[in-house]
Amino acid sequence: MFLVATSIAGPPRPVFAASVALIATLLDGVDGWLARRTKMASAFGARFDVEVDALLILVLAILLWLDGKAGAWVLMSGLLRYAFVASGWIWPWMKGPLAPTLRAKVICVVQLGALMLAMLPSVRPPASGIIAAIGLAALIYSFAVDVGRLWKQT
C-alpha cells in the first residue's frame with residue numbers, strides 16, 4: 001500500500017490511501033468475526049492481525065507526515081508496536097503473555113480512524129495534527145496499560 005500510495009501525486013493520494021485503509025480495516029473486522037464464529041481463530045491469526053494493523057498504522061503515519069498533515073511526531077503512532085516488541089529484548093518481562101482486550105481492539109480502531117480522518121483533503125493542519133494526536137494519545141494509553149499489566153505479572 002505504501003509504495004502505491006506514495007507513487008500517486010496530488011489530492012487523490014490521501015483519498016486513495018484513506019479508502020484502501022478503510023476497506024482493509026473493515027475486511028479485517030469481518031475476517032476476525034468470521035474466524036471466531038466458525039471456530040477458526042488461532043494464536044497465529046491473532047498475532048498476524050496485530051502485526052498487519054501495526055504496519056497499516058505505520059504506513060498511514062508516514063503518509064500523514066509526508067503530506068505535511070502532522071509533524072514527524074506522528075511516526076510514533078506507527079513505531080510504538082515495534083518499540084514495544086524491541087523492549088522485550090532488553091527487559092524479558094516485557095515478553096510475557098497478554099490476553100487480548102476489548103480496550104486494545106477499540107483503541108486500534110480509534111487510531112486507524114483518526115489517521116484515516118486526518119488524511120482526508122478536507123482536513124487541514126492544524127486540525128489534522130490534532131486528530132492524529134488524539135489517536136496517538138489513545139494508543140500511548142493502551143500501550144501503557146499493557147506495560148503495567150506485564151509489570152504486575154513479574
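Read the figures in this text as sums done on the coordinates, not as results from a lab. This is a predicted model, so every value here is computed, not measured. All Cβ positions, even for glycine, are placed from backbone atoms using ideal geometry, and neighbour counts span all protein chains on display.
Sorting the segments 114-125, 34-45 by their mean number of nearby beta carbons within 10 angstrom, highest to lowest, gives 114-125, 34-45.
Highest mean packing first, where packing is the average number of other Cβ atoms within 10 Å per residue, the peptides 90-99, 47-56 line up as 47-56, 90-99. Taken one residue at a time, the phi angles of region 96-108 give Karplus couplings (6.51, -1.76, 1.60, θ = phi - 60°) of x, x, 10, 5, x, 10, 5, 4, 5, 5, 5, 5, 4 Hz. Gly and Pro are set to x. Phi angles of region 34-47 translate, via the Karplus equation with coefficients 6.51, -1.76, 1.60 and θ = phi - 60°, into HN-Hα couplings of 5, 4, 5, 5, 9, 6, 10, 5, 9, 4, 4, x, 5, 5 Hz per residue; Gly and Pro are given as x.
Number of Lys-Lys pairs in region 2-152 with C-alpha atoms under 28 Å apart and a separation of 8 or more places or on different chains: 6.
As a proxy for reagent exposure, ranking Ile62, Ile107, Ile23 by other Cβ atoms within 10 Å from fewest up yields Ile23, Ile62, Ile107.
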